[in-house]
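The values are calculated or read from the model by the stated rules, or taken from the named source; none is laboratory data. Everything numeric here is computed off the predicted structure, so don't read it as measured data. Heads up, the Cβs are rebuilt from the backbone with ideal geometry, glycines too, and the neighbour counts pull from every protein chain shown. Just so you know, the surface numbers come from the protein's heavy atoms only, side chains and all, with ligands and any DNA or RNA stripped out. Shrake-Rupley method; radii C 1.70, N 1.55, O 1.52, S 1.80 Å.
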Amino acid sequence: MLLVQTQRDALLRPLQVVAGIVERRQTLPILANILLRKQGNSIALISSDIEIQISTQANIGIGNEDAATTVAARKLLDILKAVPESENINLTLADKKLGLNAGKSKFKLQTLAAEDFPIAAQPEHYPVSLELTQKTLRHLFSMVHFSMAQQDIRYYLNGLLLATEGQQVKAVATDGHRLALCSAQVAGATQPKNDAIIPRKTVLEMLRLLGEVDEPVQVNIASNQIRFSFNDIELVSKLVEGKFPDFNRVIPSGYGKTFQISRLDLLAALQRVSILTSDKLRVVRMTFADNKLLVTSTNADQEDAQEELDIEFNYDRVEIGFNVGYLLDVLSNLKNEQVQISLGDSNSSALITLPGDDSFKYVVMPMRI
């Protein structure tokens, strides 16, 4: 049976959309597969890792018959990438094998039954429903994602909090040592107060799929699930259970020592000094005094590095230690020419913001020096 007849890229593009979450090694063999579902000339492609499901569709089917099967995602992807761009692709289904013909190249892949593929159950009603542009949602995620924990025993930190209330949505991430917050205004209906913790893998996948465009993303949130719908893509993800820390208590207010500094100058100085930090702790000592910032590092081999930057700092001297990686993460991610830094004392966290912009806040805890 002939399923698909199209140019290579018309099949490769939707396959790349869904294949990102497919792991090569799966506890369930069928999770290494994608579901191909044909209804007339519409072909739906669906992938799942039980926690996340991505689906998209393309009008590349041939004939009026309906059919469905599953096939190894990575093998199909690798074959299509290896086929010349100009080739036309035919997909056929016969004897529980998917045939792929491209010019003089022919492949036959094993399939597994479509009815065994796990499709995510979706609630009838999503209590929270909002619309953002792709550009806005991507901005929210990209400004905080680097602060997510990776394999913390406090599982609720291994994700990103999406908090809605009224006309505002906030993205917050923390690993317990630093916290990033970014907010945006939501058009349309007033949103109920709601907190949803999105898994780390879902956030990274959305960053891969979202574009810097003004096209809309529909976001629907239930108690244990979130759904993103944009273009021809639908991503459904389980939410992380648990109580996210009260981020408002973490963000300092009333710090009197505030100054601005060139982001790129500070980034370059920290990158150079970080070369001679100890591998485990990566501590840099930062001394703020007399309109100067002195950044120093030492390591176990008795080596040291020093950088000096001019700043407008007419306050009492502050000497404070930081994990340089946490500072490099935020400075590398921002795009502004200037950043604003607010300090308390040597035992207090530092607050990094953008001049004249309240939508972004980054808090980094001090280290002993």
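Quick grid of which residues meet (1) open to solvent by 90 Å² or more (accessible area, probe 1.4 Å); (2) in a loop (DSSP other than H, G, I, E, B); (3) aromatic (Phe, Trp, Tyr):
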{"position": "Arg208", "(1), (2), (3)": "yes, no, no"}
{"position": "Glu212", "(1), (2), (3)": "yes, yes, no"}
{"position": "Val219", "(1), (2), (3)": "no, no, no"}
{"position": "Leu235", "(1), (2), (3)": "no, no, no"}
{"position": "Gly242", "(1), (2), (3)": "no, yes, no"}
{"position": "Ser253", "(1), (2), (3)": "yes, yes, no"}
{"position": "Leu267", "(1), (2), (3)": "no, no, no"}
{"position": "Leu270", "(1), (2), (3)": "no, no, no"}
{"position": "Ser278", "(1), (2), (3)": "no, yes, no"}
**Item:** Residues of segment 322-369 classified as among the basic types (Lys, Arg) and within 19 Å of Phe141 (Cβ to Cβ), total
**Value:** 2
**Message:** Please go through segment 229-253 and give me each residue that is without any contact (Cβ under 8 Å) to a residue 40 or more places away in the chain and under 23 Å from Leu181 (Cβ atoms), ordered by number.
**Reply:** Asp246, Asn248, Arg249, Ser253
**Prompt:** Is at least one residue of segment 294-303 closer than 19 Å to Gln260 by Cβ, surrounded by 16 or more Cβ atoms within 10 Å (Cβ to Cβ) and within 33 Å of the chain's Cα centre (by Cα)?
**Reply:** yes
**Request:** Kindly provide the set of residues from segment 55-76 that are free of Cβ contacts under 8 Å to residues at least 40 places away in the same chain and either touching a strand residue (DSSP E or B) at 6+ places or on another chain (Cβ under 8 Å) or open to solvent by less than 20 Å² (accessible area, probe 1.4 Å) (or both), ordered by number.
**Result:** Asn59, Asp66, Lys75
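Can Leu80 be described as assigned to a helix (DSSP H, G or I) and surrounded by 15 or more Cβ atoms within 10 Å (Cβ to Cβ)?
Numbers: assigned to a helix (DSSP H, G or I): yes; surrounded by 15 or more Cβ atoms within 10 Å (Cβ to Cβ): yes.
So Leu80 fits the description; yes.
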**Prompt:** How about segment 110-154: which of its residues are over 22 Å from Lys238 (Cβ atoms) and of a type in the set (Lys, Arg)?
**Reply:** Lys135
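Does Ile341 satisfy the condition of being among the aliphatic types (A, V, I, L, M) and within 33 Å of the chain's Cα centre (by Cα)?
yes
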**Prompt:** Would segment 149-170 turn up any residue that is within 18 Å of Ala196 (Cα to Cα), aliphatic (A, V, I, L, M) and part of a loop (DSSP other than H, G, I, E, B)?
**Reply:** yes
**Prompt:** Out of segment 83-132, which residues are in contact with a helix residue (DSSP H, G or I) (Cβ under 9 Å, 6 or more places away or on another chain), open to solvent by less than 60 Å² (accessible area, probe 1.4 Å) and under 30 Å from Gln225 (Cα atoms)?
**Reply:** Ala113, Phe117, Pro118, Leu132
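Being over 29 Å from Leu35 (Cα atoms), modelled with pLDDT of 95 or more and among the acidic types (Asp, Glu) narrows it down to one of Asp152, Asp214, so name that one. Give the derivation first.
Working: Asp152 fails: modelled with pLDDT of 95 or more.
Matching residue, one of Asp152, Asp214: Asp214.
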**Complete:** Residue hits (segment 10-36; touching a Leu at 6+ places or on another chain (Cβ under 9 Å), closer than 19 Å to Arg208 by Cα and in a helix (DSSP H, G or I)) are Leu11, Leu12, Pro14, Leu15, Gln16, Val17, Val18, Ala19
**Message:** One residue is enough: does segment 38-54 have a residue meeting the conditions open to solvent by 70 Å² or more (accessible area, probe 1.4 Å) and within 21 Å of Ser237 (Cβ to Cβ)?
**Reply:** yes
**Asked** Looking at (1) part of a strand (DSSP E or B); (2) open to solvent by 10 Å² or more (accessible area, probe 1.4 Å), which is the one condition that is false for Leu179?
**Response** (2)
**Item:** Check on Val324, at pLDDT 95 or above and within 12 Å of Arg263 (Cβ to Cβ)
**Value:** no
**Those residues of segment 83-103 which are in contact with a strand residue (DSSP E or B) (Cβ under 8 Å, 6 or more places away or on another chain), of a type in the set (A, V, I, L, M, F, W, C) and in a strand (DSSP E or B), in sequence order** = Ile89, Leu91, Leu93, Leu98, Leu100, Ala102
